[in-house]
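The structure appears below as structure tokens.
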Amino acid sequence: MNASIAITTTPSRSNGDRAFRWLVGGCAALVALALLGAALSMAWGGREAFATFGWKFLISTDWDAVNHRFGALVPVIGTLVTALIAMLIAVPVSFGIALFLTEVAPAWLRAPVASAIELLAGIPSIIYGMWGLFVFAPFMAAHVDPWIDAHLGSLPAIGIFFSGPPLGLGMLTAGIVLAIMVIPFISSVMREVFLTVPARLKESAYALGSTTWEVAWHIVLPYTRQAVIGGVFLGLGRALGETMAVTFVLGNAHQLTASLLMPGNSIAAVIANEFTEADSELYRSSLIALGFLLFVVTFAVLVVARLMLRQMERKQGRA
Amino acid sequence: MNISEKLYRRRRLRNAAALALSGCATVFGLFWLLWILWTTLVNGAHALNPALFTHSTPPPGESGGLANALFGSLLISALALAIGAPIGVLAGTWLAEYARRGRLGEFIRFLNDILLSAPSIVLGLFVYALVVKPAGHFSAFAGALALALIVLPIVVRTCDEMLQLVPNAMREAALSLGVPQWKVTVQILWRSARPGIVTGILLALARISGETAPLLFTALNNQYWTAKLDAPMASVPVAIFQFAMSPYEDWHALAWAGALVVTVFVLLLSLAARWYLRRAHVAHD
């Protein structure tokens with residue numbers, strides 16, 4: 001009642017409120033439009049490639065600009081393999097860092113080390129790429145690749161993954177650089193949620209005689225499981241879509257090999273390297289179609305990540 | 001007796017091993033940070049000279065600087081902030097003030113979180129389809145728009161969070177004096193959330209100043225000094241990419257100098273943002 005009287009007596013005021021409400025609401029709608037527009041524009045831009053190659057686009061290893069035959073399999077596998085290597089390294093290391101910064105380190109050490117790790121996240125990816133190309137790849141070629149080839153390359157069954165010339169550039173190098181890039185993201189999510197575990201839970205376990213490791217493994221990790229998975233998927237989304245760092249160290253080779261020491265390609269790297277040089281509509285359309293695939297995959301991964309993190313927030317709200 | 005002692009020892013050993021490994025993991029993380037920063041510092045410092053800021057990017061084999069790229073980066077970033085930040089603040093205001101609870105607000109918040117971590121190269125492709133292709137040529141404006149899409153979700157999120165932290169008593173006090181809601185928002189809530197919002201904008205600037213992928217096929221590159229927004233424009237990250245991938249030694253040196261400038265700028269910016277936020281907090285108390 002009162003509200004309606006106020007509105008009728010002061011029309012100018014309510015008009016201002018209404019206009020402001022529309023303005024801010026419209027801006028919020030732009031956020032949704034940006035995401036929707038990105039998806040639609042790439043599906044539209046890639047339609048020529050999808051129409052020409054059909055489902056074969058996904059399983060073909062062709063990449064022939066002269067004869068206009070394109071397939072997504074090589075870059076898709078490159079993207080998945082490098083991201084997988086990155087996660088294999090980054091997840092345990094991030095867990096270790098989060099554990100160290102919440103349970104092990106003396107209090108005076110925690111804040112500075114946490115900020116230093118977060119600085120890693122702020123370094124632009126092109127710097128990682130340059131470092132990878134000029135410093136890390138030669139290091140791998142000189143010291144790591146020969147060792148892997150000699151010791152792991154001759155093993156039965158898994159040997160084919162680890163044999164190859166010591167080029168320095170390749171899947172393994174790209175995976176390691178990606179791991180370094182996503183460690184700060186995953187570890188800072190883990191650290192933040194580890195801090196939210198109620199002290200009484202941990203203290204109860206300590207009172208029963210648990211060791212620090214047992215508290216971390218049996219109390220902290222189960223309590224924060226959803227958010228930890230969310231953080232891991234957040235890192236995975238980043239690793240899948242990362243462009244510059246991978247472009248520098250992957251070697252830009254359109255070939256399918258089992259060996260992790262061989263150069264390869266990833267979706268983002270192909271687009272970055274070739275988009276401005278694409279000389280036919282079909283070529284460009286194929287690159288946009290690759291972008292669409294990347295968008296769909298990262299979208300799915302990020303949806304999982306956010307849902308997991310959100311559930312954790314709800315849990316906190318209730319607790 | 002003996003068995004329980006054995007068990008106890010094994011548990012202690014496992015604990016010690018796990019904690020030692022966690023320490024190693026932290027050293028591992030810090031090790032890369034130091035290695036990367038050290039490399040950038042050493043190589044960049046070698047190549048740093050006044051010509052970097054006064055000369056334009058050279059053709060192969062000649063000496064030059066990055067003046068046009070630095071100018072381009074500043075212009076494109078400023079334009080990106082000018083587009084992205086106001087929209088972000090307004091959208092964040094809607095989330096915090098008009099849709100704090102409820103399905104629609106949650107949905108937009110969710111989409112914003114996804115946009116926040118969407119691959120930046122995809123945003124570049126989007127702007128290519130939206131602006132570059134219809135216009136028929138690459139342009140600095142398109143580059144700014146692509147970066148604005150990165151600025152937007154960062155600002156939306158910080159603005160939303162910061163406004164939610166403003167005590168409700170402040171809204172109630174102002175509304176009870178008969179102030180219209182939009183004025184309450186603009187003159188009271190924004191003002192009290194300002195340190196947080198400014199921090200968000202600074203962090204967004206730090207994020208876009210090293211961003212390369214979305215500029216590759218929007219702003220492209222330009223060997224010459226230009227201030228025309230509807231023409232290709234050089235930027236530091238794209239120049240670094242071009243020079244680092246080239247076979248020429250002196251181009252590599254320029255790339256390292258650019259890398260050092262960008263890294264120092266980004267790190268100083270994020271430190272400044274933190275310092276500003278902390279100072280504002282202290283002042284409030």
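The values are calculated or read from the model by the stated rules, or taken from the named source; none is laboratory data. Since the model is a prediction, treat every value here as computed from it, not as a measurement. Methodologically, a virtual Cβ is constructed for each residue, glycine included, from the backbone with ideal geometry; neighbour enumeration extends over all protein chains shown. These area figures cover heavy atoms from the full protein model, side chains too; ligands, DNA and RNA do not enter into them. Shrake-Rupley method; radii C 1.70, N 1.55, O 1.52, S 1.80 Å.
Does region A:5-23 contain at least one residue that is under 30 Å from residue B:90 (Cα atoms), at pLDDT below 95, touching a Pro at 6+ places or on another chain (Cβ under 6 Å) and open to solvent by less than 80 Å² (accessible area, probe 1.4 Å)?
Among the residues of region A:5-23, at least one is under 30 Å from residue B:90 (Cα atoms), at pLDDT below 95, touching a Pro at 6+ places or on another chain (Cβ under 6 Å) and open to solvent by less than 80 Å² (accessible area, probe 1.4 Å), which makes the answer yes.
Quick check on residue B:77: is it open to solvent by 10 Å² or more (accessible area, probe 1.4 Å), farther than 29 Å from residue B:186 by Cβ and of a type in the set (S, T, N, Q)?
No; evaluated as a whole, the condition is false for this residue.
Among (1) out of contact with any helix residue (DSSP H, G or I) (no Cβ under 6 Å at 6 or more places or on another chain); (2) more than 17 Å from residue A:263 (Cβ to Cβ); (3) of a type in the set (A, V, I, L, M), which single condition is residue A:144 missing?
Only one criterion in (1) out of contact with any helix residue (DSSP H, G or I) (no Cβ under 6 Å at 6 or more places or on another chain); (2) more than 17 Å from residue A:263 (Cβ to Cβ); (3) of a type in the set (A, V, I, L, M) is unmet by residue A:144, namely (2).
Within region A:31-75, can you find the residues that are open to solvent by less than 20 Å² (accessible area, probe 1.4 Å), aliphatic (A, V, I, L, M) and in a helix (DSSP H, G or I)?
Those that are open to solvent by less than 20 Å² (accessible area, probe 1.4 Å), aliphatic (A, V, I, L, M) and in a helix (DSSP H, G or I): A:31, A:34, A:35, A:38, A:42, A:49, A:74.
So, in region B:74-128, of the ones that are over 14 Å from the mean Cα position of the chain (by Cα) and among the hydroxyl-bearing types (Ser, Thr, Tyr), which residue ends up nearest to residue B:146 (Cα to Cα)?
B:128
Out of all the residues in region A:138-151, is one or more closer than 24 Å to residue B:120 by Cα, open to solvent by 20 Å² or more (accessible area, probe 1.4 Å), within 13 Å of chain B (Cβ to nearest Cβ) and not aliphatic (A, V, I, L, M)?
No; the residues of region A:138-151 include none that is closer than 24 Å to residue B:120 by Cα, open to solvent by 20 Å² or more (accessible area, probe 1.4 Å), within 13 Å of chain B (Cβ to nearest Cβ) and not aliphatic (A, V, I, L, M).
Suppose the filter is assigned to a helix (DSSP H, G or I), modelled with pLDDT of 90 or more and surrounded by 13 or more Cβ atoms within 10 Å (Cβ to Cβ); does residue B:38 pass it?
no
Among the residues of region A:275-293 satisfying the criterion of being within 10 Å of chain B (Cβ to nearest Cβ) and surrounded by 19 or more Cβ atoms within 10 Å (Cβ to Cβ), which is farthest from residue A:45 (Cα to Cα)?
Of everything passing the filter in region A:275-293, A:275 is farthest from residue A:45 (Cα to Cα).
Which of the helices (runs of 4 or more DSSP H) found entirely inside region A:76-174 contain at least 1 residues meeting this: closer than 27 Å to residue B:37 by Cα and in contact with a Phe, Trp or Tyr (Cβ under 7 Å, 6 or more places away or on another chain)?
Answer list for region A:76-174: A:107-122, A:125-131.
Before we move on, is residue B:180 closer than 12 Å to residue B:85 by Cα, within 13 Å of chain A (Cβ to nearest Cβ) and of a type outside the set (A, V, I, L, M, F, W, C)?
No: the conditions fail for residue B:180.
Search region A:202-245 for residues being among the hydroxyl-bearing types (Ser, Thr, Tyr) and part of a helix (DSSP H, G or I), and hand back the single one that is most open to solvent (accessible area, probe 1.4 Å).
A:206
Checking residue A:109 against (1) modelled with pLDDT under 90; (2) under 30 Å from residue A:215 (Cα atoms); (3) open to solvent by 40 Å² or more (accessible area, probe 1.4 Å); (4) of a type in the set (A, V, I, L, M, F, W, C), which single condition isn't satisfied?
In the conditions (1) modelled with pLDDT under 90; (2) under 30 Å from residue A:215 (Cα atoms); (3) open to solvent by 40 Å² or more (accessible area, probe 1.4 Å); (4) of a type in the set (A, V, I, L, M, F, W, C), residue A:109 misses (1) alone.
Out of all the residues in region B:244-267, which are without any contact (Cβ under 8 Å) to a residue 24 or more places away in the chain and more than 23 Å from the chain's Cα centre (by Cα)?
Across region B:244-267, the qualifying residues are B:245, B:247, B:249, B:252.
Just to be sure before I move on: is residue B:238 among the β-branched types (Val, Ile, Thr) and under 21 Å from residue B:49 (Cβ atoms) in the structure I sent?
No, not satisfied.
Quick one: would you say residue B:132 is touching a helix residue (DSSP H, G or I) at 6+ places or on another chain (Cβ under 6 Å), within 12 Å of another protein chain (Cβ to nearest Cβ) and closer than 21 Å to residue A:121 by Cα?
no
Checking the structure you have, find out if any residue of region B:45-68 is surrounded by fewer than 23 Cβ atoms within 10 Å (Cβ to Cβ) and of a type in the set (Phe, Trp, Tyr).
Yes: region B:45-68 contains one or more residues that are surrounded by fewer than 23 Cβ atoms within 10 Å (Cβ to Cβ) and of a type in the set (Phe, Trp, Tyr).
Suppose the filter is free of Cβ contacts under 8 Å to residues at least 24 places away in the same chain and out of contact with any Gly (no Cβ under 9 Å at 6 or more places or on another chain); does residue B:105 pass it?
yes
Specify which of the listed residues (A:84, A:40, A:99) is at pLDDT 90 or above, over 19 Å from residue A:271 (Cα atoms) and within 14 Å of another protein chain (Cβ to nearest Cβ).
Step by step, each of A:84, A:40, A:99 is checked, and only A:99 is at pLDDT 90 or above, over 19 Å from residue A:271 (Cα atoms) and within 14 Å of another protein chain (Cβ to nearest Cβ).
Suppose the filter is over 24 Å from residue A:303 (Cβ atoms), open to solvent by 60 Å² or more (accessible area, probe 1.4 Å) and among the hydroxyl-bearing types (Ser, Thr, Tyr); does residue A:102 pass it?
Against the criterion (over 24 Å from residue A:303 (Cβ atoms), open to solvent by 60 Å² or more (accessible area, probe 1.4 Å) and among the hydroxyl-bearing types (Ser, Thr, Tyr)), residue A:102 does not qualify.
Please state which one of B:39, B:26, B:54, B:93 is within 14 Å of chain A (Cβ to nearest Cβ) and in contact (Cβ under 8 Å) with a residue 12 or more places away in the chain.
Every option except B:93 fails the conditions.
Please state which of the following conditions residue A:296 fails to meet, knowing it meets all the rest: (1) within 14 Å of residue B:123 (Cα to Cα); (2) open to solvent by less than 30 Å² (accessible area, probe 1.4 Å).
(2)
Hey, could you check region A:222-261 for residues that are over 30 Å from residue A:96 (Cα atoms) and among the aliphatic types (A, V, I, L, M) and say which is nearest to the other protein chains (Cβ to nearest Cβ)?
Going through the qualifying residues, I end up with A:253.
Condition check: touching a residue at least 40 places away in the same chain (Cβ under 8 Å) and either away from every other protein chain (no Cβ under 14 Å) or among the acidic types (Asp, Glu) (or both). Does residue B:61 satisfy that?
Yes.
Determine whether region B:82-99 contains at least one residue that is hydrophobic (A, V, I, L, M, F, W, C), farther than 30 Å from residue A:311 by Cα and surrounded by 17 or more Cβ atoms within 10 Å (Cβ to Cβ).
Yes, region B:82-99 has at least one match.
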